[in-house]
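Down below is the structure, laid out as structure tokens.
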Amino acid sequence: MTSDTGTSEGAEPEDGTEPDARFTFANERTFLAWNRTALALVVAGLAIAQLLPPFPGVPFGRHLLAVPLVCLGAVVSVAGYLEWRRDQRALRLGEPLPPSPLPRILAVSISGIAVAATMVMLLSAALR
């Protein structure tokens, strides 16, 4: 199937015309920011697993908090790349940039991890 620009729907980022370099660089900076976020999530998860003292009465507490952070970091890294590629394609084809699901994914996930952290701390305090 072709769009009104004459390119196929599955066009590669190399298809279309070269966008203004400023837009390409901005897209790349956004990609790098998502990867810094992903790296920070992985490091935070590893730090919790390795450096945080165990929660008294909740031996699985550190892993309950660390594993989702590391997994979220992996998801954000891959999603950031896919978003960069999708946005670069839209720039080349002169299309509007699609909305990003990443802020919602991060907000919901980090809120869930914060609730889990609160529950682990309260449970640990209650079991002391």
- Out of Leu32, Leu91, Leu41, which single residue is in contact with a Gly (Cβ under 9 Å, 6 or more places away or on another chain), closer than 30 Å to Gly16 by Cα and free of Cβ contacts under 8 Å to residues at least 40 places away in the same chain? Leu32
- Message: Being farther than 30 Å from Leu127 by Cα and either in contact with a Pro (Cβ under 8 Å, 6 or more places away or on another chain) or surrounded by fewer than 17 Cβ atoms within 10 Å (Cβ to Cβ) (or both): is that true of Leu52 here?
- Response: no
- Message: Quick check on region 104-120. Is at least one of its residues among the charged types (D, E, K, R) and touching a Ser or Thr at 6+ places or on another chain (Cβ under 6 Å)?
- Response: no
- Item | Subset of region 92-128 (residues that are in a helix (DSSP H, G or I) and among the charged types (D, E, K, R)) | Arg92, Arg104
- What tally of residues in region 76-92 results from selecting those that are buried (at least 17 other Cβ atoms within 10 Å of the Cβ), farther than 8 Å from Phe31 by Cβ and hydrophobic (A, V, I, L, M, F, W, C)? 4
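Quick note: the coordinates plus some simple rules give every number you see, no bench work behind them. These numbers come from a predicted model, not from an experiment. As a convention, Cβ positions derive from the backbone with ideal geometry for all residues, glycine included, and neighbour counts pool all protein chains shown.
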